[in-house]
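The values are calculated or read from the model by the stated rules, or taken from the named source; none is laboratory data. Note that the structure is a prediction, hence the values are computed from the model and not measured. Please note: Cβ atoms are built from the backbone with ideal geometry, for glycine as well, and neighbour counts cover all protein chains shown. Protein only, heavy atoms only, side chains kept; ligands, DNA and RNA dropped before computing areas. Shrake-Rupley method; radii C 1.70, N 1.55, O 1.52, S 1.80 Å.
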Amino acid sequence: MKENTPLLQVQDLKVYFYTEEKEELRAVDGVSFYLKEGETIALVGESGCGKSVTSLAILRLIDSDGKIQGGKIILRGRDLLSLSEKEMREIRGRDISMIFQEPSSALNPVYTVGDQIMEAIILHQKLPRPQARKAAEEALRLVGIPEARKRLDEYPHELSGGMKQRAMIAMALSCHPKVLIADEPTTSLDVTIQAQILELIAELQHRLNMGVILITHDLGVVAGMAERVVIMYAGKVVEEGSRWDIFHHSFHPYTWGLLHSIPRLDIKQEKLAIIPGAVPDPLNFPSGCRFRNRCPLADELCLTEPQWREIESQHYVYCHHYSQVEVLKTRGFER
Amino acid sequence: MNDTPLLQVQNLKQYFPIRAGVLRKIVDWVKAVDGVSFEVSPGETLGVVGESGCGKSTLGMSIMRLYEPTEGKVFFQGQEISSLQSSQLKNIRRDIQMIFQDPFTSLDPRMHVGPIIEEGMKVHHLASLPEIRRRALDLLEKVGLGAEYFSRYPHEFSGGQRQRIGIARALALSPRLIVADEPVSSLDVSVRSQILNLLKDLKKEYQLTYIFISHDLAVVRQVCNRVMVMYLGKVVEIAEGEVFFSTPYHPYSVALISAVPVPDPDYEVKRIILSGDVPSPINPPEGCRFHTRCPVAQEICQQVEPVLEQKEKNHWVACHFPGSLSYKGQ
């Protein structure tokens, strides 16, 4: 199952956007990571860190304001960035599928659920309509939608939020993709529904042996789902490691700060750690280390770009002062 | 905390009409809040939790009289406020202030930040104009923004900073009670803890009482002394915070707690996955409203609606089989 060559490799990806005043906005600025077959990784970060743009770039769905300015996206030896739009359409939905945060806006309101699922099946598997309809019904059953046949003829507005998300997952999985990108798949859902959907994704991932890229800001979800974690900040990857590395032994001050500032259900925390300031404006990212103006360890060295270092096996960090992160334990995040 | 409650809510109901047809006749009612009673003691933070559609936000608005309650009574410091004329409400609104979820829509985009904070004080003639100005500047400092932000517009601020402005505005009238409706839900993770710590500090400094409405149980555990759980317009459980999180009685509370993802890969919990969705508040299920999703429901639950009863001191639950479900153990 696990091979040495990764299923998907993102190498030094750069996606820039341009404002009306021709200002350059480096939303994704040299991002690299890989995904193995049957593995779940999480891309974690706050708004504007570039995690969603990265995922859209993998599918080459960046809109006209933005441009992929460099890097490679290699799916089983093929660089997706060198493909024609026609070849890319073959990839989307068949090899790589995506589910979105807002199922209500990702589903087309004027087509029935069945028609939308069948569209991909007819396109990729070249099945005639009756068979495609059967396959769509099967897909709905796979995601645990009761009365699947009846639901095929319903419109998205007739489904609840959780059911819509299931329908979208059914659509994404209808052609058995090798890679599933799930962009904040449960953020708009209630916690009891979130639990249902996460369980469903994990189960299907196992059953279909998919590689899953989970994009989220919720470290709770990450701890329960991901084998490896990629932490992003302001368009860069700042740390990457197994979930144990990240949760128990993080080296980047940002990762450390995030983990200690989130309220936890399982313990009563007297005072939460604070990362001062806010996420920087992408038009004005600080030079050198982009986290330096919020970082308690920052000094002159941080005016220069840190190196991407492997600290322990398969545990990478992008920080000059990673070795001092322990200091934060006693000192906290106060400067 | 002393004995006289700051706020008392008795059998509060808030129904919204559903109209249909050419004549816009009322065909049905959405029973958003359906007979809710509770008390808030001075100095405490009461967390109101539940999923979307449970009525928690509506409850906040009804207490503030931003909606006219359909039925029921609300007392503030012993005075009934649910029947006050709107002219008399003005003073009450000084004592009860609100912080909203979305700091992007709750601030007037055409006003400077300073005047936004000053407005309430001017309306209530709280002080002379220079004194009001001085207090507004002072509040900007208190919420961690600084006086230099006085003449800026809301759009120049990040979400967290806007929420600080909203907090300063609420504090300007020296309220006794603050109803905070999902005050950190729209903020980035790294900014949430800043605002939560600020709310805690201000509570101490100004001896505030909070009603903290939230869907996020992890946040509620960190800021609330007491927790009240709502489901489909009803209160299903009320308990002291730590008691609630260690031994919840209602199966819905147990399922909620067990479903929250914890940021620790070694955390183990018996996850109780509820099937189905929250039913519609237009036609809530007969009997116990939770019975359609409850893993321990029996026949009686479909027929008889359980009443909210005190099972232990200060621990109230509305369930025929309280404590029969647990998220602990394997």
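Each eigenvalue of the Cα gyration tensor of region B:217-269, multiplied by 5 and square-rooted, gives one semi-axis; in descending order these are 20, 13, 10 Å. Between B:HIS112 and B:GLU242, the modelled labels are 4.8 nm apart [label points 7 Å from Cα along Cα→Cβ]. Within the full protein context, the accessible area of A:THR19 is estimated at about 30 Å² for a probe radius of 1.4 Å. Just so you know, the Rg over Rh for chain A is 0.99, from Cα atoms, with Rh as the Kirkwood radius. Value of Rg to Rh for region A:1-154, rounded to two decimals, is 1.01; Kirkwood radius and Rg both from alpha-carbon coordinates.
With all protein chains present, how much of the accessible area of region A:42-185 (probe radius 1.4 Å) comes from carbon and sulfur, to the nearest whole percent?
Numbers: 3320 of 6420 Å².
It is 52 percent, rounded to a whole number.
When the accessible areas of B alone and A alone are added and the area of the pair subtracted, with a 1.4 Å probe, the result is around 3700 Å², both sides summed. When the chymotrypsin sites (Phe, Trp or Tyr not before Pro) in region A:154-254 are filtered for DSSP coil states and for at most 16 other beta-carbon atoms within 10 Å of their beta-carbon, no site remains.
Per-residue shielding of B:45-52, expressed as the average number of other chain Cβ atoms within 10 Å of the residue Cβ, stands at 2. Using the average count of surrounding beta-carbon atoms within 10 Å as a protection proxy, the listed peptides A:134-143, B:117-126, A:169-178 rank, highest first, as A:169-178, A:134-143, B:117-126.
Computed FRET efficiency, Cβ-Cβ of B:THR4 and B:GLU305, R0 30 Å: what is it to the nearest 0.05? Walk me through the numbers before you get to the answer.
Working: r = 31 Å, r/R0 = 1.03.
Given R0 = 30 Å and the Cβ-Cβ separation, E is 0.45.
The apolar share of the surface of region A:219-285, taken as the fraction of accessible area on carbon and sulfur atoms (1.4 Å probe, ligands and nucleic acids excluded), comes to 55 percent. The calculated P(r) of region A:6-70, using every Cα pair and 10 Å bins from 0, goes 20, 52, 23, 5, 1 in percent.
Percent antiparallel among DSSP beta bridges with both residues in region B:142-293, to the nearest 5? Walk me through the numbers before you get to the answer.
On the way: 6 of 11 bridges.
The antiparallel proportion sits near 55 percent.
Convex hull volume of the C-alpha atoms in region B:216-330, normalised per residue: 110 Å³.
Pick out, in residue order, every one of the trypsin sites (Lys or Arg not before Pro) in region A:241-310 that is DSSP loop and has at most 13 other C-beta atoms within 10 Å; say none if there are none. Intermediate values should be presented prior to the final figure.
Values: sites: A:ARG243, A:ARG264, A:LYS268, A:LYS271, A:ARG290, A:ARG292, A:ARG294, A:ARG309; in loops: A:ARG264, A:LYS268, A:LYS271, A:ARG290.
Of the trypsin sites (Lys or Arg not before Pro), the ones in loops of region A:241-310 whose Cβ has at most 13 other Cβ atoms within 10 Å are A:LYS268, A:LYS271.
Over chain B, DSSP H runs of length four or greater, each weighted -39,500 (n - 2.57), average out per residue to a 222 nm ellipticity of -9000 deg cm²/dmol.
Shape descriptor for the protein assembly as shown: Rg over Rh equals 0.97 (Cα atoms; Rh from the Kirkwood inverse mean 1/r). Of the peptides B:286-297, A:187-198, the order by per-residue mean of other Cβ atoms within 10 Å, starting with the highest, comes out as A:187-198, B:286-297.
Could you please state, rounded to a whole Å, how far the C-alpha centre of region B:73-93 is from the C-alpha centre of region A:187-203? Centre-to-centre distance over Cα atoms comes out at 42 Å. A simple rule links phi to the HN-Hα coupling: the Karplus curve 6.51 cos²θ - 1.76 cosθ + 1.60 with θ = phi - 60°, which for region B:318-324 gives 10, 7, 6, 10, x, x, 7 Hz, with x for Gly and Pro. With 10 Å² as the minimum drop in accessible area between chain alone and full protein complex (1.4 Å probe), the qualifying residues in region A:183-203 are A:ASP190, A:VAL191, A:THR192, A:ILE193, A:GLN194, A:ALA195, A:GLN196, A:GLU199. Take the Cβ atoms of B:LEU23 and B:GLU71, set R0 to 35 Å, and the FRET efficiency comes out at 0.85. If only the Cβ of Lys and Arg carry +1 and only the Cβ of Asp and Glu carry -1, the dipole of region A:282-335 around its Cα centre is close to 220 debye. The Cα atoms of region A:115-188 give a gyration tensor whose axes a ≥ b ≥ c have a/c of 1.5 or more with a/b no greater than b/c, which makes the shape oblate.
In the full protein context, region B:211-259 carries 17 Å² of accessible surface per residue, based on a 1.4 Å probe and ignoring ligands, DNA and RNA. Looking at region A:19-53, which GluC sites (Glu not before Pro) are in a loop (DSSP not H, G, I, E or B) and have at most 14 other Cβ atoms within 10 Å? Sparse-neighbourhood loop GluC sites (Glu not before Pro): A:GLU20, A:GLU21, A:GLU23. Inter-chain neighbour count for A:79-85: the average number of beta-carbon atoms from partner chains within 10 Å of each residue's beta-carbon is 0. Here each label is just a point 7 Å from Cα along the line to Cβ, and for A:GLU326 and B:SER128 those points are 6.1 nm apart.
Report the normalised scattering of region A:196-333 as log10 I(q)/I(0) at q = 0.09, 0.14, 0.19 Å⁻¹, calculated by the Debye formula with identical scatterers on the alpha carbons. For region A:196-333, the Cα-only Debye profile gives -0.30, -0.71, -1.18.
Ordering B:VAL269, B:VAL304, B:VAL33 by how much accessible area each has at a 1.4 Å probe, largest first, what is the list? Each step should come with its number before you reach the end.
Numbers: B:VAL269 40, B:VAL304 70, B:VAL33 0 Å².
My answer, sorted largest first, is B:VAL304, B:VAL269, B:VAL33.
A:SER104 contributes about 60 Å² of solvent-accessible surface, heavy atoms of the protein only, 1.4 Å probe.
When only the heavy atoms of the protein chains count and the probe is 1.4 Å, how do A:ASP79, B:ASP266 rank by accessible area, highest first? Show your work: numbers first, answer last.
Details: A:ASP79 35, B:ASP266 85 Å².
Heavy-atom accessible area, descending, gives B:ASP266, A:ASP79.
Over the C-alpha trace of region A:159-224, radius of gyration and Dmax come out as 11.3, 30 angstrom.
Here the label points at B:GLU156 and A:GLN11, each 7 Å from Cα along the C-beta direction, are separated by 4.7 nm in the simple model. Treat chain B as a sphere of radius equal to its Kirkwood radius over Cα pairs and apply Stokes-Einstein at 20 °C in a medium of 1.002 mPa s; give the translational diffusion coefficient in µm²/s, rounded to a whole number. Here the translational diffusion coefficient equals 101 µm²/s. The base-10 log of I(q)/I(0) for region A:86-130, evaluated at q = 0.20, 0.34 Å⁻¹, reads -0.77, -1.16 [Debye formula, identical scatterers on Cα atoms, solvent excluded]. Between the beta carbons of B:ASN283 and A:GLU87, assuming R0 = 51 Å, the FRET efficiency works out to 0.50 to the nearest 0.05. Just the number, please: carbon plus sulfur as a percent of the accessible area of region B:185-330, 1.4 Å probe, no ligands or DNA/RNA counted. Carbon and sulfur: 48 percent of the exposed surface of region B:185-330.
Per residue, the accessible area of region A:94-158 comes to 55 Å² when a 1.4 Å probe rolls over the protein heavy atoms. Taking 16 Å as the cut-off, the amide N atoms of region B:39-66 that come nearer than this to a point 7 Å along the Cα-to-beta-carbon line of B:LEU89 belong to B:58-66. Along its three principal directions, the equivalent ellipsoid of region A:124-234 from the Cα gyration tensor extends over semi-axes of 26, 17, 11 Å, largest first.
Shown here is the pair-distance distribution of region B:10-77: with all Cα-Cα distances grouped in 10 Å bins from zero up to the longest one, the shares run 19, 46, 25, 8, 2, 0 percent.
Averaged per residue, what accessible area in Å² does region B:110-187 show with a 1.4 Å probe, protein chains only? Write out the running numbers ahead of the final one.
On the way: 3250 Å² over 78 residues.
On a per-residue basis, 42 Å².
For A:TYR18, A:TYR111, B:TYR210, give me the order by solvent-accessible area with a 1.4 Å probe, most accessible first, ignoring ligands, DNA and RNA. Mind dumping the intermediate values first?
Values: A:TYR18 80, A:TYR111 115, B:TYR210 15 Å².
Output order, biggest surface exposure first: A:TYR111, A:TYR18, B:TYR210.
Which log10 I(q)/I(0) values does region A:255-326 give at q = 0.28 Å⁻¹ under the Debye formula, counting every alpha carbon as one identical point scatterer? So the normalised log intensities are -1.31.
So which of A:LYS268/B:LYS203; A:LYS14/A:LYS51; A:LYS51/A:LYS178; A:LYS268/B:LYS204; A:LYS86/A:LYS150 end up more than 23 Å apart, counting from Cα to Cα? Please list the in-between numbers first.
Values: A:LYS268/B:LYS203 18 Å; A:LYS14/A:LYS51 12 Å; A:LYS51/A:LYS178 20 Å; A:LYS268/B:LYS204 18 Å; A:LYS86/A:LYS150 34 Å.
Pairs exceeding 23 Å: A:LYS86/A:LYS150.
Among the residues of A:268-281, the average count of other protein chain beta-carbon atoms within 10 Å of the residue beta-carbon is 5.
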